[in-house]
């Protein structure tokens with residue numbers, strides 16, 4: 001069953017703040033294989049003009065994906081997550097994520113369309129710091145694969 005396009009524009013409440021820690025940044029950088037010293041060495045980050053270590057560019061996925069759970073779990077939307085694949089991900093930064101940031105995410109459904117029987121859902125996450133300042137916008141595309149003829 002196709003998703004209802006009247007959900008386009010629906011926003012969900014901001015998430016509880018996520019405190020970005022140096023160790024979380026280090027773990028993420030290691031997991032993605034990025035050895036940039038600005039992610040692990042305070043002095044290297046300061047030499048680049050940052051007040052603390054910064055996170056790799058894809059780090060916000062950790063919190064924006066969690067925030068998108070509000071959309072995925074919305075019973076009114078009726079998205080069958082067992083059929084969902086992650087189609088695309090983009091980030092637009094105002095500034096880097098830094099250790100010590102307390103970040104919240106407000107997610108909005110930007111688009112719903114049907115493509116070859118699949119539902120394509122675009123979810124935007126606006127990430128702000130404790131002062132309300134914009135840090136990064138995440139745009140995630142989720143594809144809910146169509147059921148085959150047997151309904152599977």
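Odds and ends about this structure:
- When residue 23 is tested against (1) surrounded by fewer than 16 Cβ atoms within 10 Å (Cβ to Cβ); (2) out of contact with any helix residue (DSSP H, G or I) (no Cβ under 9 Å at 6 or more places or on another chain); (3) closer than 26 Å to residue 122 by Cα, just one condition goes unmet, and that condition is (3).
Residue-wise test of (1) farther than 20 Å from residue 10 by Cβ; (2) buried (at least 17 other Cβ atoms within 10 Å of the Cβ); (3) touching a residue at least 12 places away in the same chain (Cβ under 8 Å).
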| residue | (1), (2), (3) |
| --- | --- |
| 57 | yes, no, yes |
| 60 | yes, yes, yes |
| 66 | no, no, yes |
| 84 | no, no, yes |
| 92 | yes, no, yes |
| 102 | yes, no, yes |
| 113 | no, no, yes |
| 122 | no, yes, yes |
| 146 | yes, no, yes |
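- Considering segment 68-79, and only residues there that are assigned to a helix (DSSP H, G or I) and touching a residue at least 24 places away in the same chain (Cβ under 8 Å), the residue that is surrounded by the most Cβ atoms within 10 Å (Cβ to Cβ) turns out to be 68.
- Hits in segment 11-35 - residues which are under 22 Å from the mean Cα position of the chain (by Cα), outside any helix (DSSP H, G or I) and farther than 21 Å from residue 103 by Cα: 33, 34
- Residue, farthest from the chain's Cα centre (by Cα), within segment 46-55, restricted to residues that are free of Cβ contacts under 8 Å to residues at least 24 places away in the same chain and outside any loop (DSSP other than H, G, I, E, B): 47
- Only a single item in (1) within 24 Å of residue 130 (Cα to Cα); (2) under 15 Å from the mean Cα position of the chain (by Cα); (3) outside any loop (DSSP other than H, G, I, E, B); (4) at pLDDT 95 or above is not met by residue 89, and it is number (1).
The values are calculated or read from the model by the stated rules, or taken from the named source; none is laboratory data. Predicted model, so just to flag it, every value in this text is computed and none were measured. Note: ideal-geometry Cβ built from the backbone for every residue, glycine included; neighbour counts use all protein chains shown.
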